[in-house]
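K.L.:
Input: one structure, supplied below.
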Amino acid sequence: MSAFDVLVALVIAVGLVGILLPVLPGSLLVLVAVLAWAGHTGGPVAWTVLAVATTLLAVGGVVKYVVPTRRLQDVGIPASTQWAGAALAVVGFFVVPVVGLFLGFVLGVYAAEHRRVGARRAWPSTRAALAAAGLSILIELLAGLLAAGTWVAGVVVA
């Protein structure tokens, strides 16, 4: 394992942490690291690893939005509530760095649901939205881990 491979491994690790703490574009960092490795290493194994990792991250990127959105629709949470949560998450990210993203999302969903269904039913909807957000993070993390595992296999084989 070369020094370059260690650097790639560190960038992949930072990318995986970025998925869990959405301050950094985690999946993008993983993809860029594998791309840099494939370009540096060259050969059919490296390019196959890049193709597989790209596919895994792309599928994970799509699934992380489709599955939680469908679950929220199944429990009756409208898209407007989801957009309110997303909007306040962005605002919260800039007002209170790092944790503001989570706080803003929770406040946005709760406020929208409070307005829509009242105080008594707002919290269960907020919990469902938080569970969906957690599921989204887990799906993206799984895709990132699978891409990282593909890279590790490629390093061993190459």
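The values are calculated or read from the model by the stated rules, or taken from the named source; none is laboratory data. Just so we're clear, the structure is a prediction, and the values are computed from it rather than from any experiment. Here the Cβ is made from the backbone with ideal geometry for all residues, glycine too, and neighbour counts use every protein chain on show. These accessible areas exclude ligands, DNA and RNA; they are computed on the full protein's heavy atoms, side chains included. Shrake-Rupley method; radii C 1.70, N 1.55, O 1.52, S 1.80 Å.
K.L.:
What residue, among those in segment 113-126 that are small (Gly, Ala, Ser) and over 23 Å from Pro22 (Cα atoms), is most open to solvent (accessible area, probe 1.4 Å)?
P.N.:
Ala119
K.L.:
Only residues in segment 21-37 that are in contact (Cβ under 8 Å) with a residue 40 or more places away in the chain count as the first member; pair them with residues that are hydroxyl-bearing (Ser, Thr, Tyr) and in a helix (DSSP H, G or I), Cβ under 9 angstrom, at least 6 apart or cross-chain, and list the lot.
P.N.:
Hits for this filter: Leu31/Thr54; Val34/Thr54; Val34/Thr150.
K.L.:
Continuing with this model, one more query. Across segment 1-26, which residue is surrounded by the most Cβ atoms within 10 Å (Cβ to Cβ) among those that are modelled with pLDDT of 95 or more and of a type in the set (Gly, Ala, Ser)?
P.N.:
Gly15
K.L.:
Look at Leu88 and say whether it is in a helix (DSSP H, G or I) and open to solvent by 50 Å² or more (accessible area, probe 1.4 Å).
P.N.:
yes
K.L.:
Restricting to segment 60-81, what's the tally of residues that are under 20 Å from Ile19 (Cα atoms) and free of Cβ contacts under 8 Å to residues at least 60 places away in the same chain?
P.N.:
2
The rows are residues; the columns are (1) in a helix (DSSP H, G or I); (2) at pLDDT below 95; (3) open to solvent by 70 Å² or more (accessible area, probe 1.4 Å); (4) under 24 Å from Gly15 (Cα atoms).
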| site | (1), (2), (3), (4) |
| --- | --- |
| Thr54 | yes, no, no, yes |
| Arg71 | yes, yes, yes, no |
| Leu101 | yes, yes, no, yes |
| Ala111 | yes, yes, no, no |
| Ala128 | yes, yes, no, no |
